[in-house]
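Peer 1: Next up is a structure, given as structure tokens.
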Amino acid sequence: MKKRIALLLSILLTLSLTALAGCASKQDGGSDSSSGKVYYLQFKPEQDQQWQDLAKAYTKETGVPVTVVTAAEGTYESTLKNEITKSNAPTLFQVNGPVGLANWKPYCYNLKNTALYQQLTSPEFALKEGDTVYGIAYVIETYGIIYNKTLLQKYFDASWSSIKALNGIKDYNTFATVVREIQQHKKDLGIAGAFTSSGMDSSSDWRFKTHLANMPLYYEYVKDGITSTAAVKGTYLDNYRTVWDLYLDNATVPRTQIASKTGTDAETEFATGKAVFYQNGTWAVNAVTGDGKLSADELGILPIYIGVEGEEKQGLCTGSENYWCVNSKASKADIQATLDFLEWVVTSDTGTTALAEEMEFTVPFKKAKESVNPLVKIADQMIKDGKTPVKWVFSTMPSEAWKNGVGAALTAYAQGTGQWKDLETAFINGWKTEYQKVHG
Amino acid sequence: MADRNAALTPAAPLTPPKKRKKAKQPLKRYAVFFFLPTAAAFTLAFLAPFLWGIFLSFCEFFTITDATWIGLDNYRRALQDVGFLYSFGFSALFTLVTVVLINVAAFFVAYALTRKIRGSNLFRTVFFMPNLIGGIVLGFIWQILLNGLLGLYGTSLAASTAYGFWGLVLLTAWQQIGYMMIIYISGLQNVPHTMLEAAKIDGATSWQTLRKVIIPQVRPSITICTFLTLTNSFKLYDQNAALTPNSLPYKILEDGSHIKTTATIAKNIVDQFNENYFGTDGIAQAKSILFFLVVVVIALLQLYFTRKKEESA
């Protein structure tokens with residue numbers, strides 16, 4: 001009897017192991033490799049569903065299997081590192097700009113002679129080095145200070161306001177006046193503060209350590225006539241401080257509490273009309289509009305003024321940190337399948353419609369449709385009005401560690417546990433140190 | 001073979017020695033089947049990655065299949081990293097505090113609950129419960145609690161290294177005291193009644209009984225608990241990552257780099273791995289090998305010393 005039980009058990013164990021192994025191998029070799037397949041490791045959780053739908057549509061049309069997996073910012077690099085070593089590696093992945101590219105260059109297929117590259121409206125949207133095209137930007141995004149039109153109109157109409165129309169906000173001083181008056185009369189407007197909380201939780205700190213830090217950096221580059229640097233000077237750091245103080249002192253929460261505030265906190269405050277201003281970008285529209293939130297036509301966007309001379313002509317911050325790269329170590333069939341898929345995405349009716357209307361992207365391709373995103377429309381109008389867009393130079397920041405150092409210094413300064421000079425040290429000296437570390 | 005043939009021959013009578021042999025056989029014969037799945041899992045999930053990890057610590061790599069040998073360079077850079085050395089100190093201090101705190105508290109809770117107190121079973125269950133919650137969840141719960149409390153005074157966990165440190169101590173103690181308590185209770189229940197009675201008859205005070213009779217008798221429990229808390233605390237990651245996710249505040253150094261002042265050693269290694277520039281993964285790998293060696297040495301030393309005490313007791 002015992003013998004039989006033992007036999008039975010061992011058979012069961014062996015079987016379950018083979019079954020497990022079977023499952024694993026099925027996943028690996030599930031599709032026909034002769035015709036190629038596409039595996040896209042995607043970066044934007046907001047657009048996961050849309051990509052899944054688009055992949056399905058493509059498979060239905062052509063029979064080529066497309067897998068889309070989303071790994072959010074923060075986990076993207078580590079997921080990619082793991083996935084790329086597998087036999088079934090992503091054929092299509094993303095890098096965030098020149099700094100991200102440095103790591104992944106050996107894995108980037110040269111896209112120079114592809115239809116995708118031909119479709120670009122301008123070669124400046126490609127990540128190039130010499131004659132090699134490593135990556136292609138597929139979405140152009142814009143950020144600034146998003147505002148609630150209804151609440152701002154209330155301010156303009158109020159008897160105590162000193163600025164009466166939107167065109168009265170044209171530089172840092174006029175904007176600061178509006179902010180301070182709103183904060184003073186927050187009870188009259190029924191709000192908790194002029195600005196949403198400037199949360200320094202990791203879900204929100206990139207808005208300040210990266211996006212806001214872009215402003216002083218951009219003006220320094222413009223002044224020095226450069227596009228990147230090994231040692232930053234910090235010429236406009238005082239302006240950075242002024243704006244940061246404005247954000248902190250006129251917000252929904254006291255400045256001492258920002259360390260634990262999250263991205264969702266700020267999003268909710270803005271969506272429920274508790275604050276007028278919210279520094280974020282075109283990607284944030286879906287999160288703040290909808291049932292019980294704002295309507296799309298209530299949203300407006302202003303440039304981030306930091307008090308630099310001539311800033312009346314400054315527009316919004318526009319650029320890209322999303323570049324498509326094709327895995328050069330994938331099989332030839334898979335590479336071809338991926339290139340075909342991308343061409344289809346940017347040229348076919350289904351693809352361009354999905355990009356413009358469902359993902360609400362502005363894409364730099366010739367056949368692109370106009371995005372339905374309300375903030376994108378405002379951004380386009382500003383460019384037509386002759387405002388100069390601010391470039392996304394934060395893609396030249398030396399490393400994540402540098403950003404973290406700046407972020408920590410911003411938090412400590414806000415709480416009063418640190419000095420502004422720590423930020424200057426982290427910003428200027430940290431740049432040099434990190435640049436050397438990264439560039440060997 | 002001879003055995004089997006003999007068994008098959010109907011004429012052969014079943015004698016007791018043969019029977020005994022037969023009873024042993026199934027286990028022997030199928031041992032390999034029982035052994036294989038575990039061995040395979042152990043090799044796949046532990047041994048192979050571990051050996052590969054040691055190899056990688058001598059390499060510069062970005063993806064684990066694409067590594068170049070660079071010798072001891074990673075170890076040199078790891079030991080030059082002030083943040084790593086700081087985290088080492090942070091973890092060491094944290095371990096010291098929690099080992100003492102948890103063991104003393106757990107022992108006295110166990111001691112109290114082995115007296116005849118009403119509802120001691122209820123207390124035991126309640127004290128044990130925090131241990132059932134995972135580290136990440138616990139970390140977040142305590143983050144909300146502590147930030148809520150500190151918020152009343154206009155500050156937060158991120159404002160001071162001390163808050164992050166003592167918050168972590170509080171959390172870990174709260175989680176582990178219940179578990180260690182159970183071990184101490186079982187130890188205390190094994191103290192022979194005759195010895196306690198003898199002590200009582202000899203007129204020992206309860207303090208003397210505790211010191212001279214009970215504690216020497218529960219030495220094995222002390223060994224186990226010290227060993228568990230020591231390695232738990234030194235390897236702590238989840239709770240730290242959830243309680244102070246950014247390891248704020250940072251100490252900004254003169255060269256603009258920074259030290260994350262509330263990062264345990266494990267957190268420092270993971271953060272290093274996630275820094276995402278070429279070469280950083282190798283340093284992280286070297287750090288984790290160093291970390292492994294230190295944990296092994298501490299654990300062995302500790303085992304050696306407590307064993308010695310047990311023998312002399």
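Please treat every number below as a calculation from the coordinates, not as lab data. Values in this document were obtained by computation on a predicted structure and should not be read as measured data. All Cβ positions, even for glycine, are placed from backbone atoms using ideal geometry, and neighbour counts span all protein chains on display.
Peer 1: Looking at A:E357 and the list (1) touching a residue at least 60 places away in the same chain (Cβ under 8 Å); (2) within 19 Å of the chain's Cα centre (by Cα), which single condition is not satisfied?
Peer 2: Evaluating A:E357 over (1) touching a residue at least 60 places away in the same chain (Cβ under 8 Å); (2) within 19 Å of the chain's Cα centre (by Cα) leaves (1) as the failure.
Peer 1: Step by step: first the residues of the range B:269-285, then only those that are under 21 Å from the mean Cα position of the chain (by Cα) and more than 12 Å from every other protein chain (Cβ to nearest Cβ), then the one that is farthest from B:L146 (Cα to Cα). Which residue is that?
Peer 2: Top of the filtered list is B:Q285.
Peer 1: Tell me the residue from A:Y134, A:Y147, A:Y143 that is out of contact with any Gly (no Cβ under 6 Å at 6 or more places or on another chain) and either of a type in the set (S, T, Y) or within 20 Å of A:K377 (Cα to Cα) (or both), please.
Peer 2: On the way: A:Y147 fails: out of contact with any Gly (no Cβ under 6 Å at 6 or more places or on another chain); A:Y143 fails: out of contact with any Gly (no Cβ under 6 Å at 6 or more places or on another chain).
Only one candidate passes the filter, namely A:Y134.
Peer 1: Let me ask something else. For the range B:200-312, give me every one of the helices (runs of 4 or more DSSP H) that falls completely inside it and has 3 or more residues that are farther than 20 Å from B:A158 by Cβ and of a type in the set (G, A, S).
Peer 2: Values: elements: B:219-234, B:238-243, B:265-273, B:280-312.
Result: B:280-312.
Peer 1: Something else now. Counting residues that are without any contact (Cβ under 8 Å) to a residue 12 or more places away in the chain and under 24 Å from B:I265 (Cα atoms), which helices (runs of 4 or more DSSP H) fully inside the range B:76-167 reach at least 3? Spell out how you get there, then give the answer.
Peer 2: Details: elements: B:82-114, B:120-128, B:135-151.
Fully inside the range B:76-167 and qualifying: B:82-114, B:135-151.
Peer 1: Give me a count of the residues in the range A:94-141 that are touching a Leu at 6+ places or on another chain (Cβ under 6 Å) and under 19 Å from A:H439 (Cβ atoms).
Peer 2: Residues that pass the stated criteria total 4.
Peer 1: Does any residue of the range A:231-239 turn out to be within 21 Å of the chain's Cα centre (by Cα) and either crowded, with 20+ Cβ neighbours inside 10 Å or not aliphatic (A, V, I, L, M) (or both)? Talk me through it step by step, then tell me what you get.
Peer 2: Filtering the range A:231-239 down to residues within 21 Å of the chain's Cα centre (by Cα) leaves none.
Scanning the range A:231-239, I find no residue that is within 21 Å of the chain's Cα centre (by Cα) and either crowded, with 20+ Cβ neighbours inside 10 Å or not aliphatic (A, V, I, L, M) (or both), so the answer is no.
Peer 1: Being at positive phi and either surrounded by 15 or more Cβ atoms within 10 Å (Cβ to Cβ) or within 14 Å of chain A (Cβ to nearest Cβ) (or both) is true for just one of B:G154, B:G135, B:G119. Which residue is that?
Peer 2: On the way: B:G135 fails: at positive phi; B:G119 fails: either surrounded by 15 or more Cβ atoms within 10 Å (Cβ to Cβ) or within 14 Å of chain A (Cβ to nearest Cβ) (or both).
Selected residue: B:G154, the only one of B:G154, B:G135, B:G119 that is at positive phi and either surrounded by 15 or more Cβ atoms within 10 Å (Cβ to Cβ) or within 14 Å of chain A (Cβ to nearest Cβ) (or both).
Peer 1: Let me ask you something else. Could you list, in sequence order, the residues of the range B:238-258 that are hydrophobic (A, V, I, L, M, F, W, C), crowded, with 20+ Cβ neighbours inside 10 Å and facing chain A (nearest Cβ under 10 Å)?
Peer 2: Those that are hydrophobic (A, V, I, L, M, F, W, C), crowded, with 20+ Cβ neighbours inside 10 Å and facing chain A (nearest Cβ under 10 Å): B:L248, B:I252.
Peer 1: Within the set of pairs 6+ apart or on separate chains, which have a first residue in the range A:283-294 that is of a type in the set (K, R), a second that is not in a loop (DSSP other than H, G, I, E, B), and C-beta atoms under 6 Å apart?
Peer 2: That search, which allows pairs on different chains as well, returns A:K293/A:A271.
Peer 1: Select from the range A:425-438 the residues that are more than 9 Å from every other protein chain (Cβ to nearest Cβ) and either part of a loop (DSSP other than H, G, I, E, B) or not polar (S, T, N, Q) (or both) and list them in ascending order. Spell out the reasoning first.
Peer 2: Step one: filter the range A:425-438 for residues more than 9 Å from every other protein chain (Cβ to nearest Cβ), giving A:435-436.
Within the range A:425-438, just A:Y435 meets the criteria.
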